[in-house]
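A quick write-up on the structure given underneath.
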Amino acid sequence: MVDHNIPVIDSVSPVSGAAGSVVTLTGSGFSGATAVRFGAVVASSFKTVSDTQITATVPAGSGTVQVTVVACWWGGSSNGVAFTYAVAAPVIGSVSPVSGAAGSVVTLTGSGFSGVTAVRFGAVVASSFKTVSDTQITATVPVGSGTVQVTVTTPGGSSNGVAFTYAVAAPVIGSVSPVSGAAGSVVTLTGSGFSGVTAVRFGAVVASLFTVVSDTQITATVPVGSGTVQVTVTTPGGTSNGVAFSYVPVPQLVSVVPAAGPTSGGTTVTVAGSGLGAATAVTFGSAPAAFTVVSDSDLVATAPAGSGTVQVTVTTPGGTSNSLAYTYTAPPVVTTIVPTQGPASGGNTVTLTGSGFTGVTAVRFGAVAASSFTVVSATQITATVPTGGPGPSGVTVTTAGGTSLPVPYYYLSNPQLTAVVPDEGPVLGGTIVTVTGNNLLGVTAVRFGAVAASSFTVVSATQITATVPVGSGTVQVTVTTPGGTSNGVAFSYVPVPQLVSVVPAAGPTSGGTTVTVAGSGLGAATAVTFGSAPAAFTVVSDSDLVATAPAGSGTVQVTVTTPGGTSNSLAYTYTAPPVI
């Protein structure tokens, strides 16, 4: 039986390297090995030192691969062990052209240019470069002088150096900062080729003073001038390009609106004037404010927190403006509101007391502005309540100093009536009725038509008892609360009945006589009496009824009773029958 031992790799040393380097594999079962692979690539050569060791030459490759050993004739393969290809340092063959000025472009030719991280001219990194291929790079020459070594850096290291010689060129201005300002201000010029500067000009005017800080930087004092001019630098190499610089006049302020606000800040303030387009700072006293330039004549600033009266100024490259006053005011304080409740329909007037009411711009019930308001004094306001509710609403007052904390005001539901029992009574009043409905708490009046009830008692939110006042006809009963006046329910005044005749006016003592009673207000009759004796009756009309006289004696008074009261009386005489 043939032993098909599969080789096993325990380690590879070193674990990384370049193509062509030699590694040692340690493990077991290496006798009769037929190949060593680095990934899918077979090693160009290998040597089986022993059953436990092989040396192999690394083939071309990249990244991290698995090293495996292939067994003898039957083709078994070992486990894999990781090996990482080392990146070789780049090599520069040539630079073209071999001389030039800062800002020119050169081409580097060589190898290993993949993954370039930097191109250097001496110690200075190229301002930009482009890897065209693994063998070519184009690079923009940075500022420098003399002859320097050009090198390329990749993750594999830094290349050899190739000589490049800087040509003397005219200076180049990249920027001027600030780009605007007043005569006498100092600007900084950034660029290249500033060695040996003989003049700095603003238009045709030579700067009265300048300092060459380095080959890439100059500071210069702006001479007198106006408008927008080109700044140039002159050296023995020539005169630079021009970069625009604008003369800025000193800003002037004409208004600050509003001119007051709360001590907490946050007010949006519009500052108007001239020369504001290049504003660099807005201050309220000594406090800086955030701002947005709208135009050369307007900017909007957010007032910072502060106190008292401060001066607002605007600074531009042209200088600092004149100042205008801005006053910090404390927010108003509302202590009481009277009354504290009212109808949801609004329209009623309330009085607010507190402090800081000067310059009130709004009175609000929740988010709704009062229909109207009057500032009586710094401590009092009257306001017409808008529609709202039902329920609580916070009342606030707003001035330039801010908005007060809210005080509660309650919108009440309008009372609603469903019935009045009884729904009729005498014109002389005095009847006690029960009024039912909803939202009846806090009743201030019960009216029968335009006349107030003689008295009333609130039993609950759904019931009131009231004493009917004197009246006539049919009227509407209404209830008034702080929530408003209810709908009306009908109550009818019933007149006191009046008698004009009783026919016949006499009858036998045994009773039974049919008597016609005539008058007015008889239609609602509830009783007819002969003296103290009740009589049966039938109502014929409001002016007539027919009664059956009860038994009696002598002369008695006939009366009729209705909900309107008891009538006047008329005589009725009982007579004995004749005796033979």
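Counting protein heavy atoms only, the chain has 60 percent of its accessible area on carbon and sulfur, 1.4 angstrom probe. Classify segment 84-143 as rounded, prolate or oblate from the Cα gyration tensor: take a ≥ b ≥ c as the square roots of its eigenvalues, call it rounded if a/c is under 1.5, otherwise prolate when a/b beats b/c and oblate if not. Prolate shape, in that a/c is at least 1.5 and a/b is the bigger ratio.
Short-range pairs are left out: with C-alpha atoms under 8 Å and at least six residues apart, the relative contact order of segment 282-360 is 21 percent. Taking all Cα pairs closer than 8 Å and separated by 6 or more residues, the relative contact order of segment 133-232 comes to 21 percent. Counted over the chain with a bin width of 20 Å, the fraction of Cα pairs per bin, in whole percents, is 13, 17, 15, 16, 15, 10, 8, 5, 0. Counting every alpha-carbon pair across segment 483-580, the share separated by more than 19 Å comes to 42%. What segment 318-433 shows is 45 Å² of accessible area per residue, with the surface traced by a 1.4 Å probe over protein heavy atoms.
Prolate is the label for segment 441-503, because a/c, from the alpha-carbon gyration tensor with a ≥ b ≥ c as root eigenvalues, is 1.5 or above and a/b exceeds b/c. Hydrodynamic analysis of segment 170-263 uses the Kirkwood radius over alpha carbon pairs. Inserted into Stokes-Einstein at 10 °C and 1.306 mPa s, it gives a translational diffusion coefficient of 112 µm²/s. Divided by 2.2 N^0.38 Å, where N counts the residues, the Cα radius of gyration of segment 329-474 comes to 1.38. Accessible surface for D542 stands near 90 Å², nearest 10, in the context of the full protein assembly shown (1.4 Å probe). Once the 1.4 Å probe is applied to the protein heavy atoms, segment 109-201 comes out at 43 Å² accessible per residue.
Normalised per residue, the accessible area of segment 446-575 is 41 Å², obtained with a 1.4 Å probe and no contribution from ligands, DNA or RNA. With one equal scatterer per alpha carbon and no solvent term, the Debye-computed log10 I(q)/I(0) for segment 102-214 at 0.12, 0.19, 0.22 1/Å reads -0.55, -0.95, -1.15.
Coordinate range of the alpha-carbon atoms in segment 355-437 per principal axis, descending: 62, 25, 17 Å. With no solvent and one point on each alpha carbon, what is the Debye value of log10 I(q)/I(0) for segment 259-318 at q = 0.15, 0.28 Å⁻¹? Listed by q, the Debye log ratios stand at -0.38, -1.20.
Seen through its C-alpha gyration tensor, with square-root eigenvalues sorted a ≥ b ≥ c, segment 20-105 comes out prolate because a/c lies at 1.5 or above while a/b is bigger than b/c.
The values are calculated or read from the model by the stated rules, or taken from the named source; none is laboratory data. Because the structure is a prediction, the values reported are computed rather than measured. For the accessible areas, the whole protein counts, side chains as well, though only heavy atoms, and no ligand, DNA or RNA atoms are used. Shrake-Rupley method; radii C 1.70, N 1.55, O 1.52, S 1.80 Å.
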